[in-house]
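Okay, structure first, notes after.
The values are calculated or read from the model by the stated rules, or taken from the named source; none is laboratory data. Computed from a predicted structure; not experimentally measured. Virtual Cβ from ideal backbone geometry, glycine too; neighbours counted across all protein chains shown.
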């Protein structure tokens, strides 16, 4: 799905990024994430865990940048902002409490729980 649709579907605030991998050959960025399930609209307190492990995977990546001040180690996502879009891709900025900033432009993104 497009990044804008992903951000409407998933609330990433408070989720944790444990690792970031970029593959320039496959044009793919993978964020190993502990998603705050309790922040999601489909959360059922009686049966769902508060956090769920998985990967946020961006595909058809045309731009990737991180200022990676330190390695990602349970960095809490403070903000995700859509900063530009065109017909084939959209660009988002992710800011974490570990003072890391990620900027990704991609055609698709999705959540893959473990």
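Residue 76 fulfils the conditions (1) farther than 19 Å from residue 10 by Cα; (2) part of a strand (DSSP E or B); (3) at pLDDT below 95 except for a single criterion, (1). When the stretch 20-34 is filtered for residues that are part of a strand (DSSP E or B), closer than 17 Å to residue 92 by Cα and more than 9 Å from the chain's Cα centre (by Cα), the ones remaining, listed by number, are 20, 21, 22, 28, 29.
So, residue 17, is that one closer than 17 Å to residue 94 by Cβ and buried (at least 16 other Cβ atoms within 10 Å of the Cβ) or not? So residue 17 fits the description; yes. The sole residue among 71, 53, 110 that is surrounded by fewer than 18 Cβ atoms within 10 Å (Cβ to Cβ), in a loop (DSSP other than H, G, I, E, B) and either without any contact (Cβ under 8 Å) to a residue 60 or more places away in the chain or out of contact with any helix residue (DSSP H, G or I) (no Cβ under 6 Å at 6 or more places or on another chain) (or both) is 71.
Residues checked against (1) buried (at least 18 other Cβ atoms within 10 Å of the Cβ); (2) without any contact (Cβ under 8 Å) to a residue 24 or more places away in the chain; (3) under 11 Å from the mean Cα position of the chain (by Cα):
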residue: 12; (1), (2), (3): yes, no, yes
residue: 36; (1), (2), (3): yes, no, no
residue: 45; (1), (2), (3): no, yes, no
residue: 79; (1), (2), (3): no, no, yes
residue: 89; (1), (2), (3): yes, no, no
residue: 92; (1), (2), (3): yes, no, yes
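Taking the criterion of being over 21 Å from residue 99 (Cβ atoms) and surrounded by 15 or more Cβ atoms within 10 Å (Cβ to Cβ), the residues of the stretch 20-29 that qualify are 27, 28.
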